[in-house]
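Notes for the one structure printed next.
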Amino acid sequence: MLTIRSVLTIRSVLTIRSGGPLTTVQDRGRPGWAHVGVPRSGAADLPALTRANALVGNAASAAALEVTLGGLVAVPDADVVIALTGARCRLSVDGVPVPHGAAVGVPAGAEIRVDAARAGVRAYLAVAGGVAVEPVLGSRSTDTLSGLGPARVRDGDRLPLGSGGARPSDDAGPDASGRPVATDRAEREDTWVSDGELDLDGVRAGFAARQVVEPEIPPEPVLRVHPGPREDWFTPEAVETLYVTGWTVTPQSDRVGARLDGPPLARAVSDELPSEGMVAGALQIPPSGPVLFLADHPVTGGYPVIGVVDPDDLWLAAQAPPGTVLRLRRLDS
Amino acid sequence: MSRMGRDAELIETSDPAALRAEIVRRALPGIEDVVPGARTVLVRTSPGQAPDLRWAAAWRPDEAPEQVGRELTICVRYDGPDLEDVAALAGVDVDGVVALHTGAVYTVAFTGFAPGFGYLTGLPEPLRVPRRSSPRTRVPVGAVGLAGDFTGVYPRPSPGGWQLIGRTDQTLWDAAADPPALLSPGDRVRFTPC
């Protein structure tokens, strides 16, 4: 009997024809190292990464591509199953549009295109088996601040895909026990890629049942905020201003943080803050205006944190393009 | 003690490195990161897993069973481009800067600038000079600098505004090594000329 294990020995490669403005490899990041200066990093929109991995049958810890604003063109050298979540980018395989938020079979050699985002910023392209670049400190995430993890994805890169990303083929060679890899139909159905999904004129979506409802990316997001440890470093008027103002996301925003433009927030305490630990979601207020820390934030910071966005709402900030007006709603302490 | 959002607690303490060591020693479930700052320890936990940390706010470093951290010596060539400026600001000559810098025992208080970068406290008062008015766009790996209350070693090339007094060949950061960082909070460091 063909076991899943024998299929798992097949490895394949995803060749990048165009990396677009910024594509990085991301997983759930590297917690546990902040005390030696290593940020957690990981997907900026973690729930979207989780959905993409679930759609293709990956473990939650698998790495996928975080495609910023679209522009990715890639070709697998073996039959693969992919899914795109997060930012609303048109996804096509050899020119045939395929649905967002669904598992889709892609034959070897077909061109996967993730076009410019119509809504949101960061799309997640998961491939069954995961992107199998070498992990650093337990994570395959590209950390744009600390420089840890793989370099950003560039044109011509050949990304290794992990086991599980391909179905057996006649020329796949012997499995670990030395027996040839069987390819008859009954045995293929032991694996999760069946002929049906990949027997395509062009491409059509397989796994029709494996589709998720993607949350709407709101044009004017509202983020819930926990009062921060240094809220009292600001005047009561400044705290009120924070929560009644529409804050505009500036073009200086990146994976480190969303920079916000709005009225000045007056300090009640003018001392310098001794550096203290930071978390994703922290609204740090330097004189230049609020920074809402995202995945690649520094591990410590020296400006007061007036509030902290709830982790469940952080993805809204990660998906807010420059020019978005977002609002903050204070949660009771 | 105050909340830092849904999944973290910020604890004020007089000795962040010692409190961090105590929290790690207790191996409480659900804790993902324990990050010392200059006067605080941040404890970040898994969602819905927050352990009771009320004891930590009352914990005193003299309850520590022993001194935390290791003793390290880092050998430095004192030939940095800002050595004479630092001497002038400190009111001593260049040899005086070296004598002051090598004569103290420093403690790794916290990190944050880059992986492996430790902010070392214990700088002799005359050496507590301001940052450069114009930061360098590129400080070489191994550069030994100081500014304000801190001294430290740049673990990789990076921009930086500290006054550079020397350089070491010691590897501060190697992601493939175990542990990856030479310096961990609570470690005590001496500099020696080489």
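The values are calculated or read from the model by the stated rules, or taken from the named source; none is laboratory data. Model, not experiment: these values are computed from the prediction. Methodologically, a virtual Cβ is constructed for each residue, glycine included, from the backbone with ideal geometry; neighbour enumeration extends over all protein chains shown. These area figures cover heavy atoms from the full protein model, side chains too; ligands, DNA and RNA do not enter into them. Shrake-Rupley method; radii C 1.70, N 1.55, O 1.52, S 1.80 Å.
Below is a table of values for the structure above.
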{"item": "Considering residues of the range A:134-145 that are part of a loop (DSSP other than H, G, I, E, B) and buried (at least 24 other Cβ atoms within 10 Å of the Cβ) only, the residue nearest to the other protein chains (Cβ to nearest Cβ)", "result": "A:Asp143"}
{"item": "In the range A:99-116, residue most open to solvent (accessible area, probe 1.4 Å) [restricted to those that are in contact with a helix residue (DSSP H, G or I) (Cβ under 7 Å, 6 or more places away or on another chain) and more than 14 Å from A:Arg51 (Cα to Cα)]", "result": "A:Pro107"}
{"item": "Check on B:Gly69, open to solvent by less than 10 Å² (accessible area, probe 1.4 Å) and in contact (Cβ under 8 Å) with a residue 60 or more places away in the chain", "result": "no"}
{"item": "B:Leu123, sole failed condition from (1) assigned to a loop (DSSP other than H, G, I, E, B); (2) within 13 Å of another protein chain (Cβ to nearest Cβ); (3) crowded, with 17+ Cβ neighbours inside 10 Å", "result": "(2)"}
{"item": "Matching option when the condition is touching a helix residue (DSSP H, G or I) at 6+ places or on another chain (Cβ under 6 Å), more than 22 Å from B:Val34 (Cβ to Cβ), modelled with pLDDT of 95 or more and surrounded by 21 or more Cβ atoms within 10 Å (Cβ to Cβ), among A:Ala258, A:Ala266", "result": "A:Ala258"}
{"item": "Residue list for the range B:39-53, restricted to those being within 18 Å of A:Trp33 (Cβ to Cβ) and either at the interface with chain A (Cβ under 7 Å from one of its Cβ atoms) or buried (at least 18 other Cβ atoms within 10 Å of the Cβ) (or both)", "result": "B:Val41, B:Leu42, B:Val43, B:Arg44, B:Thr45"}
{"item": "Hits in the range B:19-33 - residues which are facing another protein chain (nearest Cβ under 10 Å) and either farther than 19 Å from B:Arg188 by Cβ or part of a loop (DSSP other than H, G, I, E, B) (or both)", "result": "B:Ile31, B:Glu32, B:Asp33"}
{"item": "Residue within the range A:296-310 that is at pLDDT 95 or above and open to solvent by 40 Å² or more (accessible area, probe 1.4 Å) present", "result": "yes"}
{"item": "Test: B:Ala177 is open to solvent by 10 Å² or more (accessible area, probe 1.4 Å), closer than 28 Å to A:Gly301 by Cβ and at pLDDT below 95", "result": "yes"}
{"item": "Yes/no for A:Arg224 being surrounded by 14 or more Cβ atoms within 10 Å (Cβ to Cβ), within 14 Å of chain B (Cβ to nearest Cβ) and touching a helix residue (DSSP H, G or I) at 6+ places or on another chain (Cβ under 6 Å)", "result": "yes"}
{"item": "Residues satisfying the stated conditions in the range A:79-90, i.e. crowded, with 19+ Cβ neighbours inside 10 Å and touching a Pro at 6+ places or on another chain (Cβ under 7 Å)", "result": "A:Asp79"}
{"item": "Selected residue (only one of B:Arg156, B:Arg138 is under 29 Å from B:Ala18 (Cβ atoms) and open to solvent by 10 Å² or more (accessible area, probe 1.4 Å))", "result": "B:Arg156"}
{"item": "Number of the exception - B:Ile11 against (1) facing another protein chain (nearest Cβ under 9 Å); (2) in a strand (DSSP E or B); (3) out of contact with any Asp or Glu (no Cβ under 9 Å at 6 or more places or on another chain)", "result": "(1)"}
{"item": "Enumeration of residues in the range A:260-290 that are of a type in the set (A, V, I, L, M, F, W, C) and within 12 Å of chain B (Cβ to nearest Cβ)", "result": "A:Leu273, A:Met278, A:Val279, A:Ala280, A:Ala282, A:Leu283"}
{"item": "Qualifying position, being under 14 Å from the mean Cα position of the chain (by Cα), within 17 Å of B:Val68 (Cβ to Cβ) and within 7 Å of another protein chain (Cβ to nearest Cβ), among B:Pro16, B:Pro36", "result": "B:Pro36"}
